[in-house]
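Comments concern the structure below.
The values are calculated or read from the model by the stated rules, or taken from the named source; none is laboratory data. Just so it is clear, the model here is predicted, and its values are computed rather than measured. Heads up, the Cβs are rebuilt from the backbone with ideal geometry, glycines too, and the neighbour counts pull from every protein chain shown.
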């Protein structure tokens, strides 16, 4: 090792460093695009696709990624809200049977025709695949029959009017491709969707290209790249720098900066997730209805939305948001009245107020900590002293938490299109232990609603159930929040409320 | 006595496996409810727990884990549904590459500054260098990472904010180290892209290491330069450059290598945070996913690998001693 050599290499190092820095700056500028093009849209997304098993996931954003390639029988028209046909043209509810008539002439990416056999095959896989995380949706399916190539009859144990809710995120794959590729079928997902699979790396990119033979309207954009960028600051930086064209979960405090930016815009839509404070009636003091009502009188969600969420939320007027099937405009929330709350507590025998613990999970729900701090101060005015307990979501949601019925009082959100989702999972007895609520009349109404095919009658039953809930209040409704996306300004796109980003809905303004 | 070292490692490894298993399982949390999502009913949660063997007594589960682990089988990840070893080997090259580049960045910055500060000690440059080192060691790397993303990624658009390589670049996986594979393939676009993706994470990860090594280099050189053999070297008419690089640095190297070896462990720890911030698909990022989901098998497998890497690095450091100082024998 000669000393001189070292001297030279240092100079050389500096020279090369300077050159490198110049090149570093030059290369991205040369190919900086700033705006999305019809050739490709890149989505920087908080989560990625974990595996190519089409059913080993159960989150709405992931359904959205898959929906480019494989499609459902029905979709949701959120403007009504109601179900609309997708691969199915029409359907009928006949007692224990659901009859689906499929669209004709639809072909898979492989060229095979989409028929009843594919529907039966896919549902069977969802039900029986050990890796499937969607099995529960078809737990009551006892029989499936192909009445002809384009008609399927699905029989359930009992009449099930909410079957459509279970079905709208279930996607259909090709039986012929499965027969041909066997174990290897998942390596090359084949569906009927507007985009074909190109490539995927775990926690990297999912790439899809336009299906030129798509049966529906031809998408405007040729290629879709979903890139996993877990860190929200990195997503915002990536969008601003033009490294991505669309991002999800924009933090509310970044909205003003993005709105001012010349090249990007903010896209907002009311989300489906309804936030509420759950009160598990199996725990004291929430076994007492007066205490639960006192909680309701103490809360003013409008203040939370304004002070923490910068106005990007919508107060719930009852158990449901107005865009949910089963919403009742006649139900009004408990007014904000801390004095009334204290009176109710006194009536319940707690004239000195009550002390409770409020559980929340900051890694799951945006700004949960700040929100619960505001809630605690509101509750205090109503005579309820709440100690905040923060938990990691895997603990909060697990057996020692919400799903084990161990948390008496917690901040939670649940997305729904149909009231039944929330009523069944949270409030009907024996389904989960989340709230521990038992009311035979409520159970009866949910049972009946689940059997009733006539939508009007069904909604009336749901509304009746909603009124019981409001009276018993094993929960305190809060709000829905805006889903906030960032997008390049030339992406013409209206976000869906369900956290799915579908590139087939996008157009590029030239 | 390489063999003795390796045999001695066995009880350590066993101990680690038990500790890891115990810690993961006594930590509260439930992967099943989380994976099944919001629709899951009680019945479905019970059924899945049973199918995944999570309702077995802890000792039975540990035996199951250990008896498979000795055969190199860590089971399948709950989240990804793939064998843990496959996932680890998929990710390991990314972390190795990141750790190597960070180390390189750290050494290239710290040794010249450290040597210079020592030679010109108490000068303005020395104080500046040491001040910088203090700042470097005090910056938390998640903060530094976010700042780099904000300025170099978002504001200046100089470097990519996430990932490992640009979309659309195809590379034949040989070593799965993108820098190496792209050189093998003679694909300079790929090399450049991989390097640009590595820079911010490597600087983030390498900064505190550089700071520590700068200080150590300075103090060991200061110590060495007062020794008699340096005076002898100068007396026999050696040029100053040769004295510094051949005599001082070589002799200071033992301490520096020890610190580098020890810090490699810290580098692996740091990779957990750095990879998460940069969505860099290495084993650090995977470990965070595994732990936050209580993907027991994946976390156990990963922590086991981390422990093994510590062991191997320490062994390598000992071997390096022999190279640097022929008097040392293992």
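Within region A:199-226, being part of a loop (DSSP other than H, G, I, E, B) and away from chain B (no Cβ under 11 Å) holds for A:211, A:212, A:213, A:214, A:215, A:216, A:217, A:218, A:219, A:220, A:221, A:222. Being in contact with a strand residue (DSSP E or B) (Cβ under 8 Å, 6 or more places away or on another chain), over 17 Å from residue A:499 (Cα atoms) and within 14 Å of chain B (Cβ to nearest Cβ) holds for only one residue in A:50, A:39, and it is A:39. Please determine, by comparing only the residues of region A:239-249 that are crowded, with 21+ Cβ neighbours inside 10 Å and at the interface with chain B (Cβ under 10 Å from one of its Cβ atoms), which one is nearest to residue A:51 (Cα to Cα). Here the residue is A:244. Kindly establish whether residue B:146 is within 12 Å of chain A (Cβ to nearest Cβ), assigned to a helix (DSSP H, G or I) and either modelled with pLDDT under 90 or out of contact with any strand residue (DSSP E or B) (no Cβ under 9 Å at 6 or more places or on another chain) (or both). Yes. When restricted to residues that are modelled with pLDDT of 95 or more and either surrounded by 17 or more Cβ atoms within 10 Å (Cβ to Cβ) or more than 30 Å from residue A:248 (Cα to Cα) (or both), region A:387-406 contains 1.
Residue-by-condition table, conditions (1) farther than 29 Å from residue A:501 by Cα; (2) in a helix (DSSP H, G or I):
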| residue | (1), (2) |
| --- | --- |
| A:235 | no, yes |
| A:256 | no, yes |
| A:272 | no, no |
| A:303 | yes, yes |
| A:319 | no, no |
| A:327 | no, no |
| A:333 | yes, no |
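Could you pull out the residue among B:58, B:23, B:34 that is surrounded by fewer than 12 Cβ atoms within 10 Å (Cβ to Cβ) and either closer than 20 Å to residue B:292 by Cα or in contact (Cβ under 8 Å) with a residue 24 or more places away in the chain (or both)? Residue meeting the stated conditions: B:58.
Within region A:147-154, the presence of at least one residue that is touching a helix residue (DSSP H, G or I) at 6+ places or on another chain (Cβ under 7 Å) and under 30 Å from residue A:323 (Cβ atoms) is confirmed.
For (1) within 11 Å of chain A (Cβ to nearest Cβ); (2) surrounded by 18 or more Cβ atoms within 10 Å (Cβ to Cβ), each residue gets a yes or a no:
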position: B:241; (1), (2): yes, no
position: B:268; (1), (2): no, yes
position: B:282; (1), (2): yes, yes
position: B:299; (1), (2): no, yes
position: B:311; (1), (2): no, no
position: B:323; (1), (2): no, no
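Within region A:364-385, can one find any residue that is in contact with a strand residue (DSSP E or B) (Cβ under 8 Å, 6 or more places away or on another chain), free of Cβ contacts under 8 Å to residues at least 60 places away in the same chain, within 14 Å of another protein chain (Cβ to nearest Cβ) and under 28 Å from residue B:32 (Cα atoms)? No: region A:364-385 contains no residue that is in contact with a strand residue (DSSP E or B) (Cβ under 8 Å, 6 or more places away or on another chain), free of Cβ contacts under 8 Å to residues at least 60 places away in the same chain, within 14 Å of another protein chain (Cβ to nearest Cβ) and under 28 Å from residue B:32 (Cα atoms).
The one condition from (1) free of Cβ contacts under 8 Å to residues at least 40 places away in the same chain; (2) assigned to a helix (DSSP H, G or I); (3) more than 12 Å from chain B (Cβ to nearest Cβ) that residue A:395 does not meet is (3).
In this structure, residue A:302 does not satisfy being surrounded by 24 or more Cβ atoms within 10 Å (Cβ to Cβ), touching a strand residue (DSSP E or B) at 6+ places or on another chain (Cβ under 8 Å) and away from every other protein chain (no Cβ under 14 Å).
Report yes if some residue within region B:184-193 is in contact (Cβ under 8 Å) with a residue 24 or more places away in the chain, crowded, with 21+ Cβ neighbours inside 10 Å, within 14 Å of chain A (Cβ to nearest Cβ) and within 18 Å of residue B:268 (Cβ to Cβ); otherwise report no. No, region B:184-193 contains no residue that is in contact (Cβ under 8 Å) with a residue 24 or more places away in the chain, crowded, with 21+ Cβ neighbours inside 10 Å, within 14 Å of chain A (Cβ to nearest Cβ) and within 18 Å of residue B:268 (Cβ to Cβ).
Return yes or no: is residue B:279 without any contact (Cβ under 8 Å) to a residue 12 or more places away in the chain and more than 18 Å from residue B:106 (Cβ to Cβ)?
On the way: without any contact (Cβ under 8 Å) to a residue 12 or more places away in the chain: no; more than 18 Å from residue B:106 (Cβ to Cβ): yes.
No.
Every condition in (1) surrounded by 20 or more Cβ atoms within 10 Å (Cβ to Cβ); (2) not in a helix (DSSP H, G or I) holds for residue B:237 except the one numbered (1).
Has region A:341-360 got at least one residue that is within 14 Å of chain B (Cβ to nearest Cβ) and in contact with a helix residue (DSSP H, G or I) (Cβ under 7 Å, 6 or more places away or on another chain)?
yes
Applying the criterion of at least 3 residues that are under 21 Å from residue A:166 (Cα atoms), within 14 Å of chain B (Cβ to nearest Cβ) and touching a residue at least 24 places away in the same chain (Cβ under 8 Å) to the helices (runs of 4 or more DSSP H) found wholly in region A:414-487 leaves A:419-422.
Of the residues B:203, B:174, the single one that is assigned to a loop (DSSP other than H, G, I, E, B) and under 23 Å from the mean Cα position of the chain (by Cα) is B:174.
Rundown of residues vs (1) surrounded by fewer than 17 Cβ atoms within 10 Å (Cβ to Cβ); (2) in contact (Cβ under 8 Å) with a residue 12 or more places away in the chain; (3) under 30 Å from residue B:21 (Cβ atoms), yes/no style:
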| site | (1), (2), (3) |
| --- | --- |
| B:217 | no, yes, no |
| B:231 | yes, no, no |
| B:251 | no, yes, no |
| B:260 | no, yes, no |
| B:264 | no, yes, yes |
| B:293 | no, yes, yes |
| B:296 | no, yes, yes |
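Being closer than 19 Å to residue A:321 by Cβ and surrounded by fewer than 22 Cβ atoms within 10 Å (Cβ to Cβ) is the filter; apply it to region A:447-459 and report the residue that is modelled with the highest pLDDT. Per the stated criteria, the residue is A:459.
Whether any residue in region A:434-445 is in contact with a strand residue (DSSP E or B) (Cβ under 8 Å, 6 or more places away or on another chain) and within 28 Å of residue B:45 (Cβ to Cβ) is what I want to check. Yes, because at least one residue in region A:434-445 is in contact with a strand residue (DSSP E or B) (Cβ under 8 Å, 6 or more places away or on another chain) and within 28 Å of residue B:45 (Cβ to Cβ).
Looking at the structure I just gave you, is residue A:192 farther than 23 Å from residue A:57 by Cα and crowded, with 16+ Cβ neighbours inside 10 Å? Spelling it out, it is not the case that residue A:192 is farther than 23 Å from residue A:57 by Cα and crowded, with 16+ Cβ neighbours inside 10 Å. When residue A:236 is tested against (1) at pLDDT 95 or above; (2) away from chain B (no Cβ under 13 Å); (3) within 25 Å of the chain's Cα centre (by Cα), exactly one condition is not met: (2). All told, residue B:288 falls short of being in a loop (DSSP other than H, G, I, E, B) and in contact with a helix residue (DSSP H, G or I) (Cβ under 9 Å, 6 or more places away or on another chain).
Can you find even one residue in region B:278-290 that is touching a strand residue (DSSP E or B) at 6+ places or on another chain (Cβ under 9 Å) and within 25 Å of residue B:176 (Cα to Cα)? Yes, region B:278-290 has at least one match. Every condition in (1) modelled with pLDDT under 90; (2) within 13 Å of another protein chain (Cβ to nearest Cβ); (3) assigned to a helix (DSSP H, G or I) holds for residue B:129 except the one numbered (2). For region A:427-446, a residue qualifies if it is modelled with pLDDT under 90 and under 13 Å from residue A:469 (Cβ atoms), but none of them does.
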